[in-house]
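One structure, as structure tokens, below. Some questions next.
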Amino acid sequence: MPPGTAARPARLRAAWGEAHEPVEGVSRSARLIACAIPLTVLPSSLWRLPVALRPGIGLGERAYVIGLSVLCEVLALTAFGLIARWGEVFPGWVPYLRGRRVPVGAAVIPAGLGATALTLLWTVLTFLTEIMGRTITGERLPADFPTRAGGWQALSLYVCYTPLLLWGPLLGALTVAYVRRRRLSPRKGRQPLRGR
């Protein structure tokens with residue numbers, strides 16, 4: 001084993017812990033919400049992966065399905081920025097901004113727009129597919145669509161996709177908690193990150 005290989009997992013765990021450690025003043029409920037958001041996305045991301053491995057699917061569609069799953073999970077993990085230090089002070093790797101306070105609007109506007117879009121998207125998609133029997137493009141659902149097929153296919157789709165209905169509202173609640181906490185905290189100007 002090359003020298004330093006054993007230390008890599010420890011450094012990775014330390015970096016992960018530092019990036020996700022809540023700052024002072026974050027409530028227990030905000031911590032739980034931040035942890036719940038990636039978990040609401042994970043089942044649907046995992047459900048899509050076998051679709052990408054089905055025979056007869058082209059390379060482009062395969063890459064799209066896998067990329068969509070990874071992108072959704074990465075976006076869900078950004079919710080930790082609303083409770084962690086990097087959501088209040090730019091990290092050391094950000095050129096020109098490192099150590100400066102993150103303006104409240106720089107976090108709240110994307111988070112608020114994301115929460116609104118996700119809530120509308122999953123509400124509209126649920127209405128279209130389950131009540132109207134249509135796809136997002138307005139076409140009738142195919143006969144082999146999992147909820148039409150019934151049985152385990154329908155059950156797995158419901159179990160994996162229903163949590164997505166919570167993604168937008170949870171992100172909205174976390175955004176409100178972030179705004180309240182930041183408005184109550186004293187402005188301290190430039191605050192360098194520890195160890196950077």
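All of the numbers you see were taken from the coordinates with simple rules; none came from a lab. Keep in mind that this is a model prediction, so the values were computed, not measured. Virtual Cβ from ideal backbone geometry, glycine too; neighbours counted across all protein chains shown.
Between the stretch 142-183 and the stretch 61-92, how many Å separate their Cα centres?
17 Å
Starting from the Cα-Cα distance between A14 and V159, subtract it from 0.36 nm times their residue separation and give me the gain in nm to one decimal. Before the final figure, lay out the partial values.
Values: separation 145, 0.36 × 145 = 52.20 nm, distance 3.34 nm.
Extra length available between A14 and V159 comes to 48.9 nm.
Place the peptides 122-129, 38-45 in order of packing, highest mean first, counting for every residue the other Cβ atoms within 10 Å and averaging per peptide. Don't skip to the end; give the middle numbers.
Working: 122-129: 14.9, 38-45: 18.4.
Highest-to-lowest ranking by the protection proxy: 38-45, 122-129.
Here's another thing I want to ask about it. Can you pull a Stokes-Einstein diffusion coefficient for the stretch 1-116 at 4 °C (1.567 mPa s), Rh from Kirkwood over Cα pairs, as a whole number of µm²/s? Show your work: numbers first, answer last.
Details: Rh = 16.8 Å.
Estimated via Stokes-Einstein, D reaches 77 µm²/s.
Ok, one more. Roughly what angle does helix 104-126 make with the longest principal axis of the chain, taking Cα atoms, 0 to 90 degrees, to the nearest 10?
Helix 104-126 sits at roughly 10 degrees to that axis.
Now for a different question. Pairing the Cα long axis of helix 59-77 with the longest principal axis of the chain, what angle in degrees results, from 0 to 90 and rounded to the nearest 10?
Helix 59-77 and the main axis of the chain meet at about 40 degrees.
List the pair-distance distribution P(r) of the stretch 34-88, using every Cα-Cα distance, as the percent of pairs falling in each 10 Å bin from 0 up to the bin containing the longest distance, rounded to whole percents.
25, 40, 23, 11, 2
Can you tell me the relative contact order of the stretch 43-196? Whole percent, Cα pairs under 8 Å, sequence separation 6 or more. Show your work: numbers first, answer last.
Working: 138 pairs, mean separation 45.8, N = 154.
Once normalised by length, the contact order is 30 percent.
Against the 2.2 N^0.38 Å scaling, with N counting residues, where does the chain land? I'd like the Cα-based Rg ratio to two decimal places. Don't jump to the answer; show the numbers that get you there.
Values: Rg = 20.3 Å, N = 196, 2.2 N^0.38 = 16.3 Å.
Relative to the 2.2 N^0.38 Å estimate, the chain comes out at 1.24.
How large is the helix-only mean residue ellipticity at 222 nm for the chain, computed as the sum of -39500 (n - 2.57) over DSSP H runs with n ≥ 4, divided by its residue count, in deg cm²/dmol to the nearest 500? Don't skip to the answer; put the middle values down first.
Details: 7 runs with 117 residues, N = 196.
Dividing the helical sum by the residues of the chain leaves -20000 deg cm²/dmol.
Next question. With springs only between Cα atoms under 10 Å apart, run a GNM on the chain and tell me which of L53, L170, L121 wobbles the most.
Taking springs between Cα atoms under 10 Å, the residue moving most is L53.
Could I ask something else about it? Can you give the angle from 0 to 90° between the axis of helix 28-52 and the longest principal axis of the chain, with both taken from C-alpha atoms, to the nearest 10?
So the helix axis and the longest Cα principal axis differ by about 40 degrees.
Dividing the alpha-carbon radius of gyration of the stretch 1-62 by 2.2 N^0.38 Å (N being the number of residues), what value is obtained?
Values: Rg = 18.5 Å, N = 62, 2.2 N^0.38 = 10.6 Å.
Expressed relative to 2.2 N^0.38 Å, the Cα Rg reads 1.76.
Under 5 Å between amide H atoms, partner at least 5 residues away or on a different chain: which partners does R134 have, H built in plane at 1.01 Å?
T129, L141
Convex hull over the alpha-carbon atoms of the stretch 73-171: what's its volume per residue in Å³? All intermediate terms of the calculation are to be shown ahead of the outcome.
Numbers: hull volume 12.5 nm³, N = 99.
Per-residue hull volume (Cα only) is 126 Å³.
Can you tell me which of Y178, Y64, Y161 moves the most in a GNM of the chain? Springs connect C-alpha atoms under 10 Å apart.
Among Y178, Y64, Y161, the largest mean-square fluctuation in the Gaussian network model of the chain belongs to Y64.
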